[in-house]
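A.B. asks: Questions regarding the structure given below will be posed in turn.
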Amino acid sequence: MLLIPLPIVVSILVLGLFIVAVRRGAEDRPANMPFLALILVSALQCLLVGLRWGYGLQQIMFVAPVVAATIPPLVYAGVCQLIGRSWFSLSLRVGVHALPVLLVATLTVIWRDGIDLALVLIFVSYGVAILLLVQPGADALRLAAFDEAGSAYRAILLAAGALFLSALGDVLVFLDMAWMHGQNAPLVIMGGQLAGLVILSVAVAAMGRSRPFAGSAEMSEVTDASKGVETAETMLAVETLMRERAVYRDCDLTLDRLARKLRIPARQISTAINEATGSNVSQYVNAFRIREACDLLAQTAKPVTEIMFEVGFQTKSNFNREFRRATEMTPVEWRRSRGPAKG
């Protein structure tokens, strides 16, 4: 009976996940290509580990570290796309993000003992860089739909954590090789695959609805026109847009699109809302959605799911989480507490 190593089974499942991720893409928004590439690289890495430790193909040891070195730049590139920063143009000009792969490929030829140390530095460096990118919090994801901005932000933090975990795995492999002559290396490497799966899961979760719209561009053309706008004026403009035009009902509303509607820089909107309310932009917008949802639940007999879509939410989990945070009740409990709905 032919036994298939677990990493190879995982690789097949990951390929299936890649197909699902491609099919769930929306036509009006480009896919997050770095995240899609990350899924394929993760599948390849699992396959290589399975071939080496399951079937004893030692030649894989020259390829696997190079493949591993591509993961941090891909995670970083995906995050850059979510927050609206140009990663590819910088890469084409200076090739900075190709250096980790070139470094590890060179070490496989001239100094194999240095590979683990190099991978640790690469994973830690990119983990820190990702944390710096999203230092402003969920508002850093100005191209992410407000419905998913919080989830995407948490996913990014998990991605950075997974990179640090992978670095820790490489440290353990290095120490095991030095002190135990590699006796526990297979077990440690298999554990490292779990970190890879975490990165993959995070990528898929963040990729869902949190993707830039086609045609999204920088706000440079409106920045000069909006200089000198005070926080109070910015808040007045935002609240007017929310109350009179109910733009929060747009399930695809992002900080970038909100800035374009107001012709005010995204950073200025984020700063004003944070100073005036103590909340980030996604929390501020979701508060309008929850208030309308409460009114609809109390005054109509519409199904909860219909109300969820009507006020701008796209996923039941996010709707329930935001609703409970605002009211300390579920939507169903809120409706019951307000008595029978009017038809």
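The values are calculated or read from the model by the stated rules, or taken from the named source; none is laboratory data. Because the structure is predicted, anything quoted here is derived from the model rather than measured. When we count neighbours, we look across all protein chains shown, and the Cβ atoms used for this are built from the backbone with ideal geometry, even at glycine. These area figures cover heavy atoms from the full protein model, side chains too; ligands, DNA and RNA do not enter into them. Shrake-Rupley method; radii C 1.70, N 1.55, O 1.52, S 1.80 Å.
A.B. asks: Obtain the nm distance between the two label points defined at T315 and R336 by a simple spin-label model: each point lies 7 Å from its Cα along the Cα-to-C-beta direction.
C.D. replies: Distance between label points: 2.7 nm.
A.B. asks: Given a 1.4 angstrom probe, what's the average accessible area per residue across region 255-334, in square angstrom?
C.D. replies: Ligands and nucleic acids excluded, the result is 46 Å² per residue.
A.B. asks: With all protein chains present and a 1.4 Å probe, how do W334, W111 order by accessible area, largest first?
C.D. replies: W111, W334
A.B. asks: Would you kindly state how much longer the chain becomes between E275 and R112 on full extension, computed as 0.36 nm times their sequence separation minus their alpha carbon distance, in nm to one decimal?
C.D. replies: Here the answer is 53.5 nm.
A.B. asks: Now for a separate question. Could you tell me the calculated FRET efficiency between L175 and A301, based on Cβ-Cβ distance and R0 = 45 angstrom, to the nearest 0.05?
C.D. replies: Plugging the Cβ-Cβ distance into 1/(1 + (r/R0)^6) gives 0.10.
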